[in-house]
Amino acid sequence: MQTAPLPAELLDAILETASRYSTAELAAAAARLSEAYRKGLPPRLNSAVDRAAYLVTRLPATYAALRRAAAELPFQPGSWLDLGAGAGAAAWVAPCPVTLVDQNPGWPDFRPATRVHADLTKLPDLEPHDVVSIAYALNELTPTPRRWLIDEAWRLARRALVLVEPGTPEGFRHVVEARKQLIEAGAEIHAPCPHSAPCPLEGTDWCHFAVRVERTRLHRQLKGGTLGYEDEKFSYVVALRGGARPAEGRVLRHPEVQRNLIRLTVCAPERIEVQTVTRRDPRWRAARKVSWGDRWPVLPPPETSVPDED
Ligand SMILES: C[S@@+](CC[C@H](N)C(=O)[O-])C[C@H]1O[C@@H](n2cnc3c(N)ncnc32)[C@H](O)[C@@H]1O
């Protein structure tokens with residue numbers, strides 16, 4: 001898996017903010033954060049040191065996941081609204097002016113953006129924007145406000161709505177429920193799904209992807225890990241007002257690579273299917289390059305149409 005680079009300026013800003021605290025203070029705050037996540041509770045980010053720990057241990061990953069989801073947008077947006085923006089990961093992802101909405105006034109602005117301090121459960125009057133995004137914030141709301149926020153976000157999305165949640169069963173449930181709500185509201189699903197029909201994984205499995213993120217030395221110190229990277233698991237959906245070009249198929253797992261054979265689990269328009277690509281297959285070279293989460297053609301060539309199960 002390729003490592004998603006963090007913009008150097010963002011990394012510098014994170015480390016500069018963190019340098020105001022001792023490693024012990026940051027480690028204690030990171031432990032409080034982890035404990036909240038383990039219990040499925042929203043992290044309390046009311047103190048400056050808690051927010052600094054979030055910047056070090058979570059922002060690189062949430063930035064990378066949003067960037068990955070937004071890379072599916074089939075157009076160049078001219079305006080972007082991010083709801084539940086936190087430290088403003090969206091400002092580093094958007095190629096255009098950004099409005100960041102969050103109730104917490106303590107987040108630093110590392111990049112120029114318009115800040116609106118507001119409650120997501122009763123938003124003030126906001127202008128429609130080409131893209132609206134909500135990343136890692138739906139899970140902090142209870143069901144009724146969450147449904148209301150999705151309707152509002154869709155109303156404010158001139159062209160696209162991007163939702164990103166943790167790649168856990170619960171995060172996926174929020175995404176798949178929002179997906180249904182958006183389809184009922186007339187949205188076209190552009191990614192990751194190859195269709196706007198009911199999700200075949202709902203109730204049986206959870207659809208999620210991963211992006212590899214570099215860990216700084218400070219991050220490793222705070223989390224007690226030794227690896228120089230982590231794999232951030234996320235679920236997402238990109239819904240469009242029109243012009244969706246969904247993938248023919250989407251790779252749902254790490255490809256299983258053997259010497260003469262690659263097995264791909266693919267979400268296809270009709271079902272989840274396991275495709276076997278052999279060396280003789282004209283798709284062999286493409287299959288060697290494809291990764292979990294990528295788009296993939298669905299139609300298997302005649303000689304490999306029946307998956308080989310051994
Ligand atoms: C886990 S952080 C995610 C931040 C950012 N989107 C990211 O991906 O890094 C969740 C953010 O949602 C905000 N939030 C949660 N509930 C909110 C509400 N009711 N109104 C406004 N902001 C809210 C929190 O203040 C926090 O900044």
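Where a number appears in this text, it was derived from the coordinates with a stated rule and is not lab data. Just so we're clear, the structure is a prediction, and the values are computed from it rather than from any experiment. Every residue, glycine as well, gets a Cβ built from its backbone with ideal geometry; the counts of neighbours run over all protein chains shown.
For this structure, a couple of remarks:
- With Cα atoms, 0 to 90° folded angle of helix 169-184 axis to the chain main axis: 80 degrees
- Here the relative contact order of the chain, from alpha carbon pairs under 8 Å that lie six or more residues apart, stands at 16 percent.
- Helix 143-156 axis, angle to the chain major axis (alpha carbon atoms, nearest 10°): 80 degrees
- Exposure proxy shown here: for LEU123, LEU73, the number of other Cβ atoms within 10 Å sets the order, fewest to most, as LEU123, LEU73.
- Neighbour count of at most 10 Cβ within 10 Å plus DSSP loop: longest trypsin sites (Lys or Arg not before Pro)-free window in the chain: 123-258
- Based on alpha-carbon atoms, the Kirkwood radius and the radius of gyration of the stretch 1-68 give Rg/Rh equal to 0.99.
- Entry for the stretch 35-78 at q = 0.23, 0.27, 0.35 Å⁻¹: log10 I(q)/I(0) = -0.84, -0.97, -1.14, Debye formula applied to identical alpha-carbon scatterers, no solvent contribution.
- Within a Gaussian network of the chain (alpha carbon springs, distance under 10 Å), most fluctuating of TYR21, TYR63, TYR37: TYR37
- Within a Gaussian network of the chain (alpha carbon springs, distance under 10 Å), most fluctuating of THR265, THR114, THR204: THR204
- Of all DSSP beta bridges in the stretch 3-240, antiparallel share, percent nearest 5: 45 percent
- Mean Cα-pair separation over length for the stretch 250-304, i.e. relative contact order, pairs under 8 Å, 6 or more apart, %: 37 percent
- Sequence of LEU66, LEU6, LEU11, LEU41 once ranked by neighbouring C-beta atoms within 10 Å, starting from the fewest: LEU41, LEU11, LEU6, LEU66
- Nearest 10 degrees, 0 to 90: helix 59-70 Cα axis against the chain principal axis: 40 degrees
- Considering only ASN104, ASN139, ASN46, the mean-square fluctuation computed in a Gaussian network model of the chain, springs between alpha carbons under 10 angstrom, is largest for ASN46.
- Volume per residue that the Cα convex hull of the stretch 184-283 spans, once the total is divided by residue count, Å³: 176 Å³
- When the alpha carbon gyration tensor of the stretch 250-304 is reduced to an equivalent ellipsoid, its three semi-axes come out at 16, 13, 9 angstrom, largest first.
- Taking the fewest neighbouring Cβ atoms within 10 Å as the starting point, the ordered list for GLU232, GLU273 is GLU273, GLU232.
- In this simple spin-label model, placing a label point 7 Å from the Cα along the Cα-to-Cβ direction at both ARG259 and GLU16 gives a separation of 5.5 nm.
- For the chain, the alpha carbon positions stretch 62, 45, 34 Å along the principal axes, listed from largest to smallest.
- Shape call, the stretch 24-103: gyration tensor on alpha carbons, a/c limit 1.5: prolate
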